[in-house]
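Values in this text are rule-based calculations from the coordinates and carry no lab data. Here the structure is a predicted model, which is why all the values come from computation and not from measurement. We place every Cβ from the backbone using ideal geometry, glycine too, and count neighbours over all the protein chains shown.
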Amino acid sequence: MKRLLVFFLSVTVYVAEASEVVIAGDNWCPVNCGKEELQQGYMIDVARLALKESGYPVRYEEMPWARAVAKARAGEIHAVVGAFHGDAPDFVFPLYPLLNMSSNSLFTRVESDWRFTGLGSLEGVRLGVVKGYDYGELLNTYIASYNLDPARVSVLAGDNPVERNIKQLLRGRIDAFVESSPVFWYTAKNLKVARLLRNAGQVGAGEECYVAFSPKRDDTQVIVAAFERGVLALSRQGKLKTLAEAYGLPGSLVPEEF
């Protein structure tokens with residue numbers, strides 16, 4: 001009887017370890033890309049390899065950012081990808097970020113001579129943003145003040161918001177778009193419109209970027225521990241740096257020794 005009990009316990013542990021981990025986010029390539037793309041993005045590749053070490057398969061779901069955060073917060077999925085602390089401060093963040101993203105920049109059409117020099121310079125500018133994104137305290141306050149005024153702030157939700165905002169910018173429907181430089185230029189180059197756009201100034205400092213886990217699920221701490229072990233193993237093997245470079249991203253912040 002005792003042997004039978006041990007057998008069932010073993011089966012239970014194995015099933016728990018092999019359960020699928022669902023990670024979601026909107027298309028924010030090269031951090032995380034389209035679900036149907038051959039290369040789904042740096043953080044998705046890292047998550048798959050890291051959790052594979054503990055027997056967890058990963059399923060990546062592409063959805064609007066605000067919906068992904070809401071589903072993870074409710075415990076319906078395990079994690080969101082490409083998150084900053086300000087996006088979801090109640091989430092469980094692993095010990096180490098996977099990237100240190102450069103500060104947000106404001107982008108315009110190349111013929112514009114406007115530059116961002118502070119909030120005062122946004123007077124008369126229609127700014128494009130994405131619903132639910134964290135832009136840092138300065139811009140978050142500004143956006144919250146004017147998000148009901150379409151003449152000041154245009155808030156996009158839904159799929160492929162970076163690509164759609166770039167198209168809005170080129171059509172003259174917005175005057176400036178705020179985004180992280182690597183993501184903006186990656187998308188602009190894929191659209192073959194980079195020559196038509198320019199950087200019009202930066203706002204805030206660079207931020208650490210993570211796969212962030214649901215605060216609601218009972219299995220979160222176990223999965224986060226498995227994720228951290230796997231990421232450290234990849235770092236020691238030099239694979240994090242190789243993966244980041246393949247997507248044109250700066251190297252990982254994870255130390256090779258722990």
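The table below gives the values:
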quantity	calculated
Candidates LEU138, LEU38, LEU232: whichever shows maximal mean-square fluctuation once the chain is modelled as a Gaussian network with Cα springs under 10 Å	LEU38
Spin-label model distance (nm) - THR141 vs ASN190, 7 Å beyond Cα toward Cβ	3.5 nm
Candidate lysines for bridging to LYS131, where Cα separation is under 21 Å - those fewer than 8 sequence places away on the same chain excluded	LYS35, LYS71, LYS167
The stretch 103-203, relative contact order [Cα under 8 Å, separation at least 6], %	51 percent
Unmatched cysteines, the chain - criterion: no other Cβ of a Cys under 4.7 angstrom	CYS209
Relative contact order computed over the stretch 17-158 (Cα-Cα under 8 Å; 6+ residues apart), in percent	23 percent
Among 164-174, 42-52, the order from most to least packed when residues are scored by Cβ within 10 Å on average	42-52, 164-174
Qualifying trypsin sites (Lys or Arg not before Pro) for the stretch 102-160 [loop in DSSP, other Cβ within 10 Å: at most 14]	ARG115
Rounded to 5, percent antiparallel among DSSP beta bridges of the stretch 103-203	60 percent
Contour excess over end-to-end distance, with Cα ends at ASP218 and SER103 and 0.36 nm allotted per residue	38.0 nm
Relative contact order of the chain, pairs being alpha-carbon contacts under 8 Å that are 6 or more residues apart, as %	30 percent
